[in-house]
Amino acid sequence: MTVPEQSSPLPELDPVELEEVELHRVSMPLVRPFETSFGRQYVRDVLLVRVRTGDGEGWGECVAMTDPVYSSEYVEGVAEVLARYLAPALLGVRTLGARDVGAALGFVIGHRMAKAALETAVLDAQTRAAGVSFGEYFGAVRPEVECGVSVGIASSIDELLEEVASYRDAGYRRIKLKIKPGWDLEPVAAVRSLLGPDALLQVDANTAYTVDDIDHLRRLDDFGLLLIEQPFVEEDIASHAALAAAIDTPVCLDESITSAEVAVDAIARDATSIVNIKAGRVGGYLEAVRVHDVCRARDVPVWCGGMLETGVGRAANVALAALPGFTLPGDTSGSDRYFAEDLTESFVLVEGRLAVPTAAGSGVTVREELLQEWRSQPVRYLGHV
Ligand code: OSB
Ligand code: MG
């Protein structure tokens with residue numbers, strides 16, 4: 001299957017001279033535990049990639065989690081594949097831009113989150129040197145983006161309602177509830193009656209159901225949901241198509257969408273009528289822009305997913321979410337929804353929106369004193385070839 005190049009090709013920028021790749025590992029406590037159908041998380045185990053170039057540097061945040069429970073990638077595995085294969089391959093090319101990264105790393109199958117982190121660091125270095133912001137580079141059409149918030153599984157309905165009410169009061173424009181078997185109809189009904197019929201409400205199952213649950217999931221149609229996200233396993237496009245045919249609530253894929261080609265296929269098979277775009281999951285922001293473009297060409301709305309990123313990853317997500325096809329609020333929440341203090345300037349919600357950074361590159365600056373303070377492992381230097 002072939003997918004056309006993006007409608008408006010990304011700008012041509014001067015390449016950079018890649019001199020060093022560093023891995024930084026930081027442990028950041030979450031302001032509240034985050035529970036999904038695959039487990040409860042108390043801390044964000046962050047892996048950052050820094051590239052040093054002839055005349056500057058760039059940062060990329062890896063979205064992989066500590067354990068391979070959302071996707072097959074996990075932080076230690078990412079560090080290993082970066083150190084053993086990806087960084088040496090890129091350092092061997094040496095003079096390159098973000099557009100060259102995909103081809104240079106194509107000999108490694110999969111490992112998209114690892115590739116994305118490295119490509120983003122190169123893109124950051126390249127755009128900083130060129131004085132171009134990520135928003136300008138990607139083709140942003142808005143100075144700010146509408147924000148939603150992803151709400152974890154709570155220990156009681158009362159606790160859930162309290163959390164949802166606090167986000168509503170903070171101005172979030174859309175609520176997403178994590179669901180799993182045994183935590184679905186009741187919490188959704190309670191939140192719908194709290195928020196009223198007009199509030200934007202959606203659910204995310206993170207693959208917790210099977211095709212035998214279709215009749216049960218149809219009962220979600222009573223709650224006027226914007227969408228149901230990824231009820232079945234990543235590889236099972238057919239069951240999502242079967243659900244989409246049986247239910248009025250739109251089906252939206254997250255985990256399944258690993259590239260623009262897969263997005264085209266899932267849309268053609270009527271398995272998804274809305275797409276969650278996460279750059280890490282598809283191998284980088286360049287591929288994320290392609291996913292946006294193929295969805296837009298098919299009138300499929302997209303929204304920007306999140307992976308509990310620090311300001312480093314959030315900055316890039318907010319820039320991506322400013323593209324024209326992102327017509328639904330994303331999981332681009334304010335820094336304070338995740339962390340007491342962010343690794344960069346904080347992202348602060350104003351009337352339910354976040355501003356797209358305008359400075360060159362990602363537009364944010366890593367606070368190196370905090371990196372030092374929160375570091376969980378020594379820096380790994382991969383540049384000595
Ligand atoms: O499925 O969207 C998901 C967080 C970690 C892993 C997977 C998911 C999520 C979220 C949180 O829903 C989104 C965010 O606020 O970053
Ligand atoms: Mg999801």
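The values are calculated or read from the model by the stated rules, or taken from the named source; none is laboratory data. Small disclaimer: the values here were computed from a predicted structure and weren't measured. Here the Cβ is made from the backbone with ideal geometry for all residues, glycine too, and neighbour counts use every protein chain on show. Ligands, DNA and RNA are excluded from the accessible area calculation, which covers all protein heavy atoms including side chains. Shrake-Rupley method; radii C 1.70, N 1.55, O 1.52, S 1.80 Å.
Considering D184, D169, which residue is surrounded by fewer than 14 Cβ atoms within 10 Å (Cβ to Cβ) and closer than 25 Å to M307 by Cα? Spell out how you get there, then give the answer.
Details: D184 fails: surrounded by fewer than 14 Cβ atoms within 10 Å (Cβ to Cβ).
The unique qualifying residue is D169.
Only one of these is modelled with pLDDT of 95 or more, open to solvent by 10 Å² or more (accessible area, probe 1.4 Å) and under 13 Å from the mean Cα position of the chain (by Cα): G313, G330, G363, G306. Name it.
Being modelled with pLDDT of 95 or more, open to solvent by 10 Å² or more (accessible area, probe 1.4 Å) and under 13 Å from the mean Cα position of the chain (by Cα) holds for just one of G313, G330, G363, G306, which is G306.
Collect the residues in region 100-114 that are of a type outside the set (V, I, T) and either touching a Phe, Trp or Tyr at 6+ places or on another chain (Cβ under 7 Å) or within 13 Å of G283 (Cβ to Cβ) (or both), keeping them in residue-number order. Don't jump to the end; show me each part of the working.
From region 100-114, those of a type outside the set (V, I, T) are 100, 102-107, 110-114; that's our starting set.
Of everything in region 100-114, those that are of a type outside the set (V, I, T) and either touching a Phe, Trp or Tyr at 6+ places or on another chain (Cβ under 7 Å) or within 13 Å of G283 (Cβ to Cβ) (or both) turn out to be G102, A103, A104, L105, G106, G110, H111, R112, M113, A114.
Restricting attention to region 137-156, and to residues there that are surrounded by fewer than 20 Cβ atoms within 10 Å (Cβ to Cβ) and free of Cβ contacts under 8 Å to residues at least 60 places away in the same chain, which single residue is farthest from ligand 2 (Cβ to nearest atom)?
S156
Within region 201-221, can one find any residue that is more than 15 Å from I274 (Cβ to Cβ), polar (S, T, N, Q) and either touching a strand residue (DSSP E or B) at 6+ places or on another chain (Cβ under 8 Å) or buried (at least 16 other Cβ atoms within 10 Å of the Cβ) (or both)?
Checked region 201-221: at least one residue is more than 15 Å from I274 (Cβ to Cβ), polar (S, T, N, Q) and either touching a strand residue (DSSP E or B) at 6+ places or on another chain (Cβ under 8 Å) or buried (at least 16 other Cβ atoms within 10 Å of the Cβ) (or both).
Go over the candidates A121, A114, A125 one by one and state the one that is touching a Ser or Thr at 6+ places or on another chain (Cβ under 6 Å) and outside the structural domain of L200 (by TED's automatic domain parsing). First the steps, then the outcome.
Numbers: A121 fails: touching a Ser or Thr at 6+ places or on another chain (Cβ under 6 Å); A114 fails: touching a Ser or Thr at 6+ places or on another chain (Cβ under 6 Å).
Unique residue meeting the criteria: A125.
If you scan region 198-221, which residues turn out to be farther than 21 Å from L328 by Cβ and either assigned to a helix (DSSP H, G or I) or at pLDDT below 95 (or both)?
Once the filter is applied, which keeps residues that are farther than 21 Å from L328 by Cβ and either assigned to a helix (DSSP H, G or I) or at pLDDT below 95 (or both), region 198-221 yields V211, D212, D213, I214, D215, H216, R218, R219.
Anything in region 95-129 that is open to solvent by 50 Å² or more (accessible area, probe 1.4 Å) and either closer than 15 Å to E61 by Cα or within 18 Å of the chain's Cα centre (by Cα) (or both)? List them, or say none.
Residues satisfying the conditions are H111, R112.
Return the residues of region 76-113 that are among the acidic types (D, E) and more than 22 Å from G361 (Cβ to Cβ); say none if nothing qualifies.
E76, E80
Taking the criterion of being touching a Gly at 6+ places or on another chain (Cβ under 6 Å) and under 24 Å from L177 (Cα atoms), would at least one residue in region 31-53 satisfy it?
Yes, there is a match, as at least one residue in region 31-53 is touching a Gly at 6+ places or on another chain (Cβ under 6 Å) and under 24 Å from L177 (Cα atoms).
Kindly indicate whether any position in region 249-258 is among the hydrophobic types (A, V, I, L, M, F, W, C) and part of a helix (DSSP H, G or I).
No, every residue in region 249-258 fails to be among the hydrophobic types (A, V, I, L, M, F, W, C) and part of a helix (DSSP H, G or I).
I need the full set of residues from region 50-78 which are open to solvent by less than 30 Å² (accessible area, probe 1.4 Å), of a type in the set (S, T, N, Q) and either within 12 Å of ligand 1 (Cβ to nearest atom) or modelled with pLDDT under 95 (or both), in order please.
Matches in region 50-78: S71 only.
Using the structure shown, decide if N276 is within 15 Å of ligand 1 (Cβ to nearest atom), in contact (Cβ under 8 Å) with a residue 40 or more places away in the chain and within 19 Å of W183 (Cβ to Cβ).
no
Return the residues of region 244-262 that are among the aliphatic types (A, V, I, L, M) and within 16 Å of ligand 1 (Cβ to nearest atom); say none if nothing qualifies.
Of everything in region 244-262, those that are among the aliphatic types (A, V, I, L, M) and within 16 Å of ligand 1 (Cβ to nearest atom) turn out to be V251, L253, I257.
Taking R296, is it within 14 Å of ligand 1 (Cβ to nearest atom), within 27 Å of V356 (Cβ to Cβ), of a type in the set (D, E, K, R) and touching a Gly at 6+ places or on another chain (Cβ under 9 Å)?
The answer is no for R296.
Are there strands (runs of 3 or more DSSP E) fully within region 129-185 with at least 3 residues that are under 30 Å from L13 (Cα atoms) and assigned by TED's automatic domain parsing to the domain that holds V203? List them.
Hits in region 129-185: 144-146.
On the basis of being more than 25 Å from L349 (Cα to Cα), more than 16 Å from ligand 1 (Cβ to nearest atom) and aliphatic (A, V, I, L, M), does A208 make the cut?
On the way: more than 25 Å from L349 (Cα to Cα): yes; more than 16 Å from ligand 1 (Cβ to nearest atom): no; aliphatic (A, V, I, L, M): yes.
Against the criterion (more than 25 Å from L349 (Cα to Cα), more than 16 Å from ligand 1 (Cβ to nearest atom) and aliphatic (A, V, I, L, M)), A208 does not qualify.
Quick check on region 234-244: of everything there that is assigned to a loop (DSSP other than H, G, I, E, B) and surrounded by 15 or more Cβ atoms within 10 Å (Cβ to Cβ), which residue is nearest to ligand 2 (Cβ to nearest atom)?
Applying the filter and picking the extreme gives E234.
Considering only residues of region 316-341 that are part of a loop (DSSP other than H, G, I, E, B) and either within 13 Å of ligand 1 (Cβ to nearest atom) or outside the structural domain of S150 (by TED's automatic domain parsing) (or both), which is farthest from K176 (Cα to Cα)? Can you show your working first?
The initial filter retains those residues of region 316-341 that are part of a loop (DSSP other than H, G, I, E, B), namely 321-325, 327-329, 331-334, 338-341.
Then drop every residue that is not either within 13 Å of ligand 1 (Cβ to nearest atom) or outside the structural domain of S150 (by TED's automatic domain parsing) (or both), which leaves 321, 329, 331-334, 338-339.
Working: A321: 17, P329: 10, D331: 8, T332: 12, S333: 12, G334: 15, Y338: 15, F339: 19 Å.
Within region 316-341, the match that is farthest from K176 (Cα to Cα) is F339.
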